Amino acid sequence: PGVSWSSSRFPLCPLFPQSKHAQPNTMSWESLIYLLVLGALALLIAKYTLLYIYQYHIMRRPMPASQLVTLPEDFPSWKDIPSRDHFCVIGAGFGGLGMGTQLKMRQLPFHILEKTTHYGGNWSHRVYSTVHMISSKKVTEFKEYPMDKTLPIFPSAKQLWQYLSDYTNHFRLHDQIQYDSTVLRVDPLTAQEFLDLPDEFTVHPGQDGFLTPETPPDVNKVVRGQDPEYLRIRDPERKGAKVVPEGDADGRFGYKVTIYRSNAEDGGNPINIVRRYKGVIIANGHDWDPRIPSYPGNPTMEIIHSVKYYDPSVLKGKRVLVVGGGTSACDIAVEASRVGKSSHISMRRGYWILPRILFGRPVAEVFQSWIPLKIQQLIFELGLYIAVGRNSDFGLENPKFSVFDHTITINNPIIEELAKGNIIPHGDLVSLDGNTVTFKDGKKIDVDLVVLATGHHTRVPMIEHLVEHKKGAPQFLNGITHPNYRNLYFFGLGHARHGAGSLFSCGGEVICCLIKQQEKLVFPVGKLLKHMGSKFKSAGKHTEEVIIDPHRAFGQAWFARHFSSTLPWWERTLFSKEIKNLNKTD
């Protein structure tokens, strides 16, 4: 009776032959080892299958499909609701408009404070006239407002501006936007201020507490190293004066927001408006504060930063040197090769330069959430090598990092113009003296204009007294919330590998979920998320920028939608002792 467990019952495994001493109804050691090996392999396969599903189907998700959302005609305007019950959104650019729409869709009252007289951010007044999007319209559109199908795959700046204008009109955001409103400072209210301060009051020039905006940096002074204040306030490791809030000033009573209004269009005098808000969402962008390097020497040539480049006419007939290796640097160098007397480009390292179209599709649409990053990097690097070649074939340094470990440079014509000799490549720049530029390899050239396309600092000047920085990045958990403050959020930290609108739609959903759950929590939601394993965003190993993986961001939004309602339970479980102590104190 029974089944023989001798190795003769396993004919498919020649590695474990029948033992001479095995009994018919007993298991041999070889058979036992065979079963253990099979079991271990099955467990390994199951483990890595589950890890793959978790990493690439849950934590990283595909871009959500776009679907038009229309608000009802009788949607509330919130004009009669005091500001202390509103959220303050700082900035009416791409991110601020998207955040405003997400708040409006969930009927959360808000104001958008914009320092200029236009909505749309860089796309309304600061991009150069010839620019086209580097991400396709499919990944750039807000998912609640698809782009017109008649638009080209890569719309121009004018077309994108018109899209943002249509978006603002469709969601009726004009009533919530207040222009000429530069936010200078945000402070959490104390219990006493909550009782004493009015909802809004005005401070005039000459009165105590009147604040003015910081002066934009003088490029010529910074380049010569004559502006130490520029470097001091942009120290990449700077710490806030009050990193840990004192007492009850953690946002539980709201925030005091100091606003500067120039009143220039009305011919009036500047004023400060100090206003109370329930919470603050910072969407001030990251392409406005220029990163300006300094060089030895006494240059006399014209020097500008790319943030002040608007039109190719400034390049006409000039010997132009562009410093940098990003998309803007390549665009300007190509324009200089067409209208300038000569065009040079200086890159301090190698960059991955991608075309807009690869494998027959827009580059941004080639990314797939289910393919591991290392495999995607291998596919892209191999594809570029086959289709284009190495950077060194065109006089550029080969990159020493993998593609996607740095912000992506997307430019089609740069390689062609380098191959034609219309753009002359150089290594790192070491000095500027007179009209002469000296490079690391000792070469010297004379130029009329230097364009510094050297990127931008990520800055939040209105709360730099509250948060610390690491490698130049303000420290927010998952790039969104802070462990010490309630209802204080950052929206749009870092550079995504592709797209904008879909990420802003999903990011806005996450913040709205956190806002609703914060009402049910005892402690700041950021403190709970940190305890649960959320990390601060920091710059990448090979870049000064924070790199955002879009598919991971989509995964976070999916998690927030489905599981944020469990946060109160997690708080009661993880902070049970602290909550009991608070109850005893009360």
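The values are calculated or read from the model by the stated rules, or taken from the named source; none is laboratory data. A quick note: this is a predicted structure, and the numbers were derived from the prediction, not measured. Glycine also receives a Cβ, built like all others from the backbone with ideal geometry; neighbour counts cover every protein chain displayed. Note: areas computed on protein heavy atoms with side chains; ligands, DNA, RNA excluded. Shrake-Rupley method; radii C 1.70, N 1.55, O 1.52, S 1.80 Å.
Keeping every protein chain present and rolling a 1.4 Å probe, give me the accessible area per residue for the range 136-189 in Å².
41
Cβ neighbours within 10 Å, averaged per peptide: list 139-146, 37-44 in order, most packed at the top. Provide the component values of the computation, followed by the final result.
Details: 139-146: 21.8, 37-44: 10.6.
Averaged packing, sorted descending, gives the order 139-146, 37-44.
In whole Hz, with x marking every Gly and Pro, tabulate ³J(HN,Hα) for the range 315-325 from phi via Karplus 6.51 cos²θ - 1.76 cosθ + 1.60, θ = phi - 60°.
Here the 3J(HN,Hα) series is 9, 4, x, 10, 7, 10, 10, 9, 9, x, x Hz.
Can you give me the C-alpha center-to-center distance between the range 190-264 and the range 454-481, rounded to a whole angstrom?
14
With the contact rule set at Cα under 8 Å and sequence spacing of 6 or more, what percent relative contact order holds for the range 432-536? Write down the numbers at each step before the final one.
Working: 92 pairs, mean separation 25.0, N = 105.
In percent, rounded to a whole number, it is 24.
Which whole-number percent gives the relative contact order of the range 25-136, counting Cα pairs below 8 Å spaced six or more residues apart? Before the final figure, lay out each step's value.
Working: 54 pairs, mean separation 21.5, N = 112.
Answer for the range 25-136 is 19 percent.
Let me see the P(r) profile for the chain: every Cα-Cα distance counted, bins of 20 Å, each bin given as a percent of all pairs.
Histogram of Cα-Cα distances, whole percents per bin: 17, 46, 26, 8, 2, 0.
Roughly how compact is the range 29-86, stated as its Cα Rg over 2.2 N^0.38 Å to two decimals? All intermediate terms of the calculation are to be shown ahead of the outcome.
Values: Rg = 27.3 Å, N = 58, 2.2 N^0.38 = 10.3 Å.
In units of the globular-protein estimate, the range 29-86 measures up at 2.65.
Taking a ≥ b ≥ c as the square roots of the Cα gyration tensor eigenvalues, with a/c under 1.5 meaning rounded and otherwise prolate when a/b beats b/c, else oblate, which class fits the range 382-468?
Oblate, because a/c is 1.5 or more while a/b does not exceed b/c.
Given the -39500 (n - 2.57) contribution per DSSP H run of 4+ residues, what per-residue ellipticity at 222 nm results for the chain, rounded to the nearest 500 deg cm²/dmol?
Values: 17 runs with 172 residues, N = 586.
My calculation for the chain gives -8500 deg cm²/dmol from helical runs alone.
Could you give the Stokes-Einstein D for the range 253-398 in µm² per second, using the C-alpha Kirkwood radius, 10 °C, 1.306 mPa s?
Using the Kirkwood radius from Cα pairs, D works out to 79 µm²/s.
Rolling a 1.4 angstrom probe over the protein heavy atoms, how many square angstrom per residue are accessible across the range 321-382?
Numbers: 2390 Å² over 62 residues.
Accessible area per residue: 39 Å².
Ranking request for peptides 190-201, 337-348, 276-287, 415-426: highest mean number of other beta-carbon atoms within 10 Å first, then the rest in descending order. Could the numbers behind the result be given before it?
Values: 190-201: 13.0, 337-348: 20.5, 276-287: 23.5, 415-426: 17.2.
So the order, starting with the most tightly packed, is 276-287, 337-348, 415-426, 190-201.
Which order do peptides 516-526, 205-215, 451-461 fall in by mean Cβ count within 10 Å, highest first?
451-461, 516-526, 205-215
Quick one: what Rg and Dmax do you get for the range 414-515 from the alpha carbons, in Å?
21.1, 57
Can you run phi through the Karplus equation (6.51, -1.76, 1.60; θ = phi - 60°) for the range 429-445 and list ³J(HN,Hα) in whole Hz, with x for Gly and Pro?
Per-residue couplings from phi come out as 8, 10, 7, 10, 8, x, 9, 9, 10, 10, 9, 4, 7, x, 5, 10, 9 Hz.
What would the Debye formula give as log10 I(q)/I(0) at q = 0.14 Å⁻¹ for the alpha-carbon point model of the range 203-327, no solvent?
Debye curve over Cα of the range 203-327, log10 I(q)/I(0) at q = 0.14 Å⁻¹: -0.97.
Using 7 Å Cα-to-Cβ label points, what is the Arg572/His204 separation (nm, one decimal)?
5.5
With contacts defined as alpha carbon pairs under 8 Å and 6 or more residues apart, what's the relative contact order of the range 115-259 in percent? If you can, show how the numbers build up before the last one.
Details: 104 pairs, mean separation 44.2, N = 145.
31 percent.
Would you mind checking which residues have amide H under 5 Å from Phe536's amide H? H placed 1.01 Å from N; only 5 or more apart, or other chain.
Asn478
Where in the chain are the DSSP H helices whose C-alpha atoms run 24 Å or more along the long axis and whose mean Kyte hydropathy is at least 0.0?
Values: long enough: 29-53 (36 Å, 1.73); 501-518 (25 Å, 0.77).
Once both thresholds are applied, what remains is 29-53, 501-518.
At 1.4 Å probe size, with the rest of the protein present, what percent of the exposed accessible area of the chain is carbon and sulfur atoms?
Details: 15710 of 28400 Å².
Here it works out to 55 percent.
Over the range 51-133, with the other protein chains present, what is the accessible area per residue in square angstrom, probe 1.4 angstrom?
Numbers: 3860 Å² over 83 residues.
On a per-residue basis, 46 Å².
Name the residues whose placed amide hydrogens come within less than 5 Å of the amide hydrogen of Ile345, ignoring near sequence neighbours (fewer than 5 apart) on the same chain.
Val322, Ile424, His426
Across the range 182-222, what fraction of all alpha-carbon pairs, as a whole percent, falls in each successive 5 Å bin from zero upward?
Spelled out per bin, shortest first, that is 5, 14, 17, 22, 16, 10, 7, 4, 5, 1.
If you bin every alpha carbon distance in the range 228-297 into 10 Å steps from zero, what whole percent lands in each bin?
13, 26, 37, 19, 4, 0
Can you give the Kirkwood hydrodynamic radius for the range 450-586, in Å, rounded to one decimal and based on Cα pairs? Write down the numbers at each step before the final one.
Working: mean 1/r = 0.0614 Å⁻¹.
It is 16.3 Å.
How large is ³J(HN,Hα), in whole Hz, for each residue of the range 177-189 in order, when computed from phi with the Karplus curve 6.51 cos²θ - 1.76 cosθ + 1.60 and θ = phi - 60°, using x for Gly and Pro?
Once rounded to whole Hz, the list reads 8, 10, 8, 6, 9, 8, 7, 9, 7, 10, 10, x, 6.
Take the alpha carbon gyration tensor of the range 520-586, find the square roots of its eigenvalues, order them as a ≥ b ≥ c, and report rounded if a/c is under 1.5; if not, report prolate when a/b exceeds b/c, else oblate.
Judged from the Cα gyration tensor, the range 520-586 comes out oblate (a/c at least 1.5, b/c at or above a/b).
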